[in-house]
Every structure is written in structure tokens, then in C-alpha cells.
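> My structure is below; once you've seen it, I'll send some questions.
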Amino acid sequence: MSEVTQQPTHYRLLNVLKAIGPYLREPQSKEGHYIFDCLSVCVNDKKSPEEREFWGWWLELDKSEEGYSAKYNIGKYNTDGNWDSLPLPKKAVTEVSRTQEAFHKKLVDELQTKFEISVQFDEESVEFI
């Protein structure tokens, strides 16, 4: 008999999403809407840690009729702790793309394996760079 749960609770989903890695922004997430981000490349590592900015990506994962919809964005994480939607410099593209692809694969695999939930790209999503 299968142990797959068709309708996972918010807390079961949170446990699986947290286990994927340090990407989940749990305080900003709520049932049916989950926020993730990844600070992939430091803009200037000569600055003190509290003044550093990063190139990376963020994701809004929303419940949909088919499963979940993934809306990825890319840009710079600024010193105020906010994301600015900006094009990446060439030197950051490879690493940001690598971390985004690796995370997406884990996300899709975990949700499919644990709950038989599919993840589709949102039509406004920035897919892999």
C-alpha cells in the first residue's frame, strides 16, 4: 500500500520544503504560498558581511489546480534585505543558474515522491538562465 498523501497539510509540506535546503523563507510563507530564495554570488566580498549584496534568485510557489506553480525571478539581494529584479552580470550567470536548476530538481522530485504533487512553471516565471 502506498504511503503517498494526496492532500498534505501545510505543516507536512513545510517539513518537506525545509528539508530541501536552506532556501525556504518560512516567516514569509503561508498555506498555499511558499517563498524561497538563494544568495548565489556575492557582489563584493571585500565589504563587511552586513553590507554585502548578492546575485541570485527567488521563487514564489503557489498552489494551483494542477499542483503548484513556480514563479522564479532573478536579481540582486540588497543591503536592506530586499530583492531587486535586475539582469545578472555575466560572471554570476553560471552559478545562479546552477543553484536554481539544482533546487528546482530537488523541489520537483520531493513533491512528486512524497505527495504526488506536480510543479509547473508560472507563465511569468524566469525559467533557467
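The values are calculated or read from the model by the stated rules, or taken from the named source; none is laboratory data. Predicted model, so just to flag it, every value in this text is computed and none were measured. Note that we place each Cβ from the backbone using ideal geometry, even for glycine, and neighbour counts take in every protein chain shown. Accessible surface areas use protein heavy atoms only, side chains included; no ligands, DNA or RNA. Shrake-Rupley method; radii C 1.70, N 1.55, O 1.52, S 1.80 Å.
> List the residue pairs whose Cβ atoms are under 6 Å apart, where the first residue sits in segment 83-106 and is in contact (Cβ under 8 Å) with a residue 24 or more places away in the chain, the second is part of a helix (DSSP H, G or I), and the two are 6 or more positions apart or on different chains.
88/96; 106/20
> Here is a further query. Every residue in segment 71-129 that is β-branched (Val, Ile, Thr) and touching a strand residue (DSSP E or B) at 6+ places or on another chain (Cβ under 7 Å), please.
Taking segment 71-129 and keeping what is β-branched (Val, Ile, Thr), we get 74, 79, 93-94, 96, 99, 108, 113, 117, 119, 126, 129.
Listed by number, the residues that qualify are 74, 96, 99, 108, 117, 119, 126, 129.
> Just checking, does segment 8-23 include any residue being surrounded by 12 or more Cβ atoms within 10 Å (Cβ to Cβ) and aromatic (Phe, Trp, Tyr)?
yes
> Anything in segment 24-41 that is crowded, with 16+ Cβ neighbours inside 10 Å and either free of Cβ contacts under 8 Å to residues at least 40 places away in the same chain or in contact with a helix residue (DSSP H, G or I) (Cβ under 6 Å, 6 or more places away or on another chain) (or both)? List them, or say none. Outline the logic, then answer.
From segment 24-41, those crowded, with 16+ Cβ neighbours inside 10 Å are 24, 29, 34-41; that's our starting set.
Answer for segment 24-41, where residues must be crowded, with 16+ Cβ neighbours inside 10 Å and either free of Cβ contacts under 8 Å to residues at least 40 places away in the same chain or in contact with a helix residue (DSSP H, G or I) (Cβ under 6 Å, 6 or more places away or on another chain) (or both): 24, 29, 34, 35, 38, 39, 40, 41.
> Here's something else I'd like to know. Output the number of residues of segment 75-100 satisfying the condition of being of a type in the set (Asp, Glu) and either surrounded by fewer than 14 Cβ atoms within 10 Å (Cβ to Cβ) or modelled with pLDDT under 95 (or both). Let's see the steps before the verdict.
The first filter runs over segment 75-100 and keeps only residues of a type in the set (Asp, Glu), leaving 80, 84, 95.
Then drop every residue that is not either surrounded by fewer than 14 Cβ atoms within 10 Å (Cβ to Cβ) or modelled with pLDDT under 95 (or both), which leaves 80, 84.
Matching residues across segment 75-100 total 2.
> How many residues are part of a loop (DSSP other than H, G, I, E, B) and either open to solvent by 50 Å² or more (accessible area, probe 1.4 Å) or more than 17 Å from residue 96 (Cα to Cα) (or both) if we restrict to segment 44-72?
Going residue by residue through segment 44-72, those that are part of a loop (DSSP other than H, G, I, E, B) are 44-48, 52-53, 64-66.
Remaining after also requiring either open to solvent by 50 Å² or more (accessible area, probe 1.4 Å) or more than 17 Å from residue 96 (Cα to Cα) (or both): 44-48, 52, 64-66.
Total satisfying the criteria: 9.
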